[in-house]
Structures are given as C-alpha cells and as structure tokens.
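Shown next, in structure tokens, is the structure this report addresses.
Laboratory data are not the source of any read-out in this text; all were calculated from the coordinates shown. Since the structure is predicted, the reported quantities are computational estimates derived from the model, not experimental observations. Methodologically, a virtual Cβ is constructed for each residue, glycine included, from the backbone with ideal geometry; neighbour enumeration extends over all protein chains shown.
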Amino acid sequence: METKHQIEKILVPVDFSENSLNACRYALKIALETKADIFLFHAVYSPAFDLIEMTGNKTTRKKLKENVEQKLLLEATPEMEKFIDSLTKLPEARKISNDEIKSLIQSGSAKEEILSFSKEYQPDLIIMGTHGKDKSAVSMLGSITEYAINKLSFPILAVPLSIDYSALPKSLLYLTDFDETDFHSIKKLLEFTTIFKMNIHCAHIGGGIEERKRAKLEGMIEYFKTAYNNSSIQYYLIIDDKKKNIVQLIQDYIQQHNIDIVSLTHKKRNLLKKYFTSDLTKKIFHKVKLPLLVFRP
C-alpha cells in the first residue's frame, strides 16, 4: 500500500509582513512537490467599523460601512499585487507564475474572516507565520495563528521566521502519549511526510510506558512499515529528568536527531499539558524555532 498525498489546496493567510512572506516561501516549497494550488488570503479591518455601528440609522450605517470597505480594499489591492510579485521572484517560485497564485482580500476581523473563508475554501493545509505585523504580541504563537489552531479542523503548519530553506524537511517529531487515536494520527502524518520522504519520530513524554501499551505500539508501527512500503516510523521515549524541564529535553532530542518539523494533534495539546507549567505548544515553539504542524486526529 502506498500513501498518496492529499495536499491539493494550500491556504496562506497574509498581512504582507516578513513573517507572511516567510510562510509563503514554505508554501511554495510544498507546492512544488505536490502541485498544489496556493491561495493567499488577506483581511482588512478598520476601527471605523465599530464607530459606524453607533451612528445613524441602519441605511446610513450600511452606506458608511460600504464606503470604508471600498477604501480599504482599494488600498490593499496594490499591496497584494506587490506581495505576489515579490513571491514569484523567490527561488522557491522558479516554476510558479503570478497567475498561478490566487488571492482574495476580504473586509473584516482577520480571525473571523480566516475562519469563514477556510470553511468555504476547504484547504488541505493552512500555512501561517507565527506572528504578523504586531510583533509585540504577548503570545509566542501569535494571536491569529493560535486562534486558527484552536478553532479550525484543517491541518495548520505554523512557520517561524528563523527557518532554513536550503533543503527539504527530512524528519518529523510527533509528540504523543500513544492512545487509540494514534493509528489515525500516524496515517494522516504519512500522507504529509511521504511527499518529502520524511522519517517520523514518535516520542512519548514521561517516565515510562507499560509493556502492554508498548507491545501494542510496536505492532502498530510494524503494520505501518509493512503496509506503507516500509515507511520509516521510529519510537522513542523522552524520560523525565529532574535536572531539565521537559521542553529542554525535547529541544535536546530535536538537535540530536536533526528534526525539521514538530507535530502534535490538537487533542494531544491538552493531554500533554500536565508536563508543563504553561501551554505546551507555545513553549515548545518558542524554544525550538521549527515549523509546528497541528492537526486533528
């Protein structure tokens, strides 16, 4: 049995910042491998929208809002065109023309508009920068990226600014506690990693794993190796260490095994919180500076 990639549509929310350009570079790299379509989405918003709601009658409010929207869209259109033009000049876009990159500018709150359009477009993968123009945001993931991860069911790849584009990703670290959902999770990961012929490192965090569960896991991994052309799936145990916190242990593992992407399911984000003093995703992402793939099992 062979896995066939199912990445045909890639959605990249952008705000024309350096982080957005960086996320687009990663999207271009994946698109070259998968022949996927890239769709750039930008939302424009003005505080005037809130003020309009408090003035005049319904007809007046509607007209004022339409005027503000039109102005915002007219201002954002040349920015989008300039942004796309800069993308097509990148090395990753050597086989992609301006016409092959679709885009849409929508008025409204970025968080809500991204959710709304994602549900309409049904992308196979959403790629986002970790932060937008507001780099002063407290969240290590960026408020919009974190909001999308929490609200959307589509796989989301969050890409940090400091990422190496010199080679395709070869190794993915999947953080798990090995429960019944992992069969489906690993199958989904194979659909993604097969594109790049990547190795999957399944890492359990804790002090140990019971023999019955270990045997079940090893049987599951053996199945995937046999069924999916000996796909390289490896199991590791990251042991609790009183001298190091769990984030540091994961960071050490990533360096030792040359991991290119860290992945976990949305469900596991909650299950693994018990090992951390604050949110798992934010702390790992802040420390390791690697793309983070989050999906639902």
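Counting other beta carbons within 10 Å of each Cβ, put R25, R94 in order, fewest first.
Working: R25 18, R94 10.
The order, fewest Cβ neighbours first, is R94, R25.
Amide H neighbours of N199 under 5 Å, at least 5 residues apart or on other chains, H built in the peptide plane: list them.
S171, L172
Would you kindly derive the ³J(HN,Hα) couplings of segment 220-227 from the backbone phi angles with the Karplus curve 6.51 cos²θ - 1.76 cosθ + 1.60 (θ = phi - 60°), listing them in order in whole Hz, with x for Gly and Pro?
For segment 220-227, the Karplus-derived couplings read 5, 5, 5, 4, 5, 5, 7, 6 Hz, x marking Gly and Pro.
Full extension from L32 to L161: what is 0.36 nm times the residue separation minus their Cα-Cα distance, to one decimal in nm? Before the final figure, lay out each step's value.
Numbers: separation 129, 0.36 × 129 = 46.44 nm, distance 2.06 nm.
Separation in residues times 0.36 nm, less the Cα-Cα distance, equals 44.4 nm.
Holding the Cα-Cα limit at 21 Å, pick out from K35/K188; K187/K225; K197/K225; K102/K197; K187/K289; K35/K170 the pairs that are longer than that. Walk me through the intermediate numbers first.
Working: K35/K188 19 Å; K187/K225 11 Å; K197/K225 13 Å; K102/K197 28 Å; K187/K289 26 Å; K35/K170 19 Å.
From K35/K188; K187/K225; K197/K225; K102/K197; K187/K289; K35/K170, over 21 Å: K102/K197; K187/K289.
Near the amide H of Q106, under 5 Å away, which other amide H atoms are found, from residues 5 or more places off or on another chain, if H is placed in the peptide plane?
So Q106 has HN proximity to H42, A43, V44.
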